[in-house]
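Asks: Once you've had a glance at the structure underneath, I'll fire off some questions.
The values are calculated or read from the model by the stated rules, or taken from the named source; none is laboratory data. Keep in mind that this is a model prediction, so the values were computed, not measured. Cβ placement follows ideal geometry from the backbone for every residue including glycine, while neighbour counts extend to all protein chains displayed.
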Amino acid sequence: MENNKQDEEFIIGRHPVVAALRSNDPLNKLFIQSGIKKDEKSISEILQLARKKKLVVSEVPKQKLDKLTDRQNHQGVVLAVAAFKYASIDDLFANAEKQNQPPFFVILDNIEDPHNLGSIIRTADAAGVSGVIIPKHRAVGLTSTVSKTSAGAIERVPVARVTNLSNMIKELKDRGMWIFGTDISGKDYRKWDASGSVALVIGNEGKGISPLLKKQVDEMLTIPMTGDIQSLNASVAASVLIYQGFNYRHPLK
């Protein structure tokens, strides 16, 4: 299992902070904006959870929170935590067993925008994806921005970070997984058979899936488009395909 090199990270925003306080992850300190109404439901819940965790709660000026979060919308609360921890591939398979379903992984090939990564993790959580796999190099990792964008889903979806995606795909195939990718040319995603043990590869925002990984994909999927723009934002495309996988695995009765 790999950890961030940083010793500390920050979770920002009320929903992500609540999710972190409810988890079993190591937490360091809670910062609350001076003068904030403590009887507001969300703030009251945060303080109650922090007391149960016996965390140090520090009231600080808004300027201090702005500095800690690079002026992001922190909503008056910032939680200092140990650097985000990554899961192992075995953890992802174990999570699938816990969900009582065949594994459904999402592999992200060099996603660079933390907002895209956070949105994909949020969708993965909503659709019951077993885990997300990201590369260690040339891609965004788990950060406070990713955490906030995921609305706390980062605490529930295991994320594995690997040195070599190509080698990881070989391992997944050896463990019985079918690998699907996204491309302009491919099978209409609405015909995707997502049953069994599957992994979906989402490519880089600008370049798509790298040529090496394309060679390893068992089948390419495409999202038909009738407008002038022939591409979707990476997180939007991921959401469409993830929910197609969900629909196939959980058909209406």
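Asks: Report, by residue number, each residue of the stretch 88-113 that is touching a helix residue (DSSP H, G or I) at 6+ places or on another chain (Cβ under 7 Å) and of a type in the set (D, E, K, R).
Replies: Result: ASP109, single match.
Asks: Across the stretch 100-145, what is the total count of residues that are without any contact (Cβ under 8 Å) to a residue 60 or more places away in the chain and in contact with a Leu (Cβ under 6 Å, 6 or more places away or on another chain)?
Replies: Qualifying residue count for the region: 5.
Asks: Going by the structure shown, is PHE93 of a type outside the set (Gly, Ala, Ser), within 16 Å of VAL198 (Cα to Cα), in the same structural domain as LEU213 (by TED's automatic domain parsing) and crowded, with 20+ Cβ neighbours inside 10 Å?
Replies: It is false that PHE93 is of a type outside the set (Gly, Ala, Ser), within 16 Å of VAL198 (Cα to Cα), in the same structural domain as LEU213 (by TED's automatic domain parsing) and crowded, with 20+ Cβ neighbours inside 10 Å.
Asks: Of all residues in the stretch 151-165, count the ones that are closer than 12 Å to GLY131 by Cβ and either without any contact (Cβ under 8 Å) to a residue 40 or more places away in the chain or assigned to a strand (DSSP E or B) (or both).
Replies: Residues in the stretch 151-165 being closer than 12 Å to GLY131 by Cβ and either without any contact (Cβ under 8 Å) to a residue 40 or more places away in the chain or assigned to a strand (DSSP E or B) (or both): 5 in total.
Asks: I'd like to check something: does the stretch 61-77 contain any residue that is in a strand (DSSP E or B) and more than 17 Å from GLU155 (Cα to Cα)?
Replies: yes
Asks: Of the residues that sit in the stretch 190-231 and are assigned to a loop (DSSP other than H, G, I, E, B) and among the charged types (D, E, K, R), which one is farthest from GLU97 (Cα to Cα)?
Replies: Across the stretch 190-231, the extreme among qualifying residues is ASP228.
Asks: What are the pairs, 6+ residues apart or on separate chains, where a residue within the stretch 61-82 that is within 19 Å of ASN28 (Cβ to Cβ) has its Cβ under 7 Å from a residue that is among the basic types (Lys, Arg) and surrounded by fewer than 18 Cβ atoms within 10 Å (Cβ to Cβ)?
Replies: ALA80/LYS29
Asks: Moving on to the next point. Conditions: (1) buried (at least 23 other Cβ atoms within 10 Å of the Cβ); (2) out of contact with any strand residue (DSSP E or B) (no Cβ under 8 Å at 6 or more places or on another chain); (3) not acidic (Asp, Glu). VAL129 meets all but one. Number of the miss?
Replies: (2) is the only condition that VAL129 fails.
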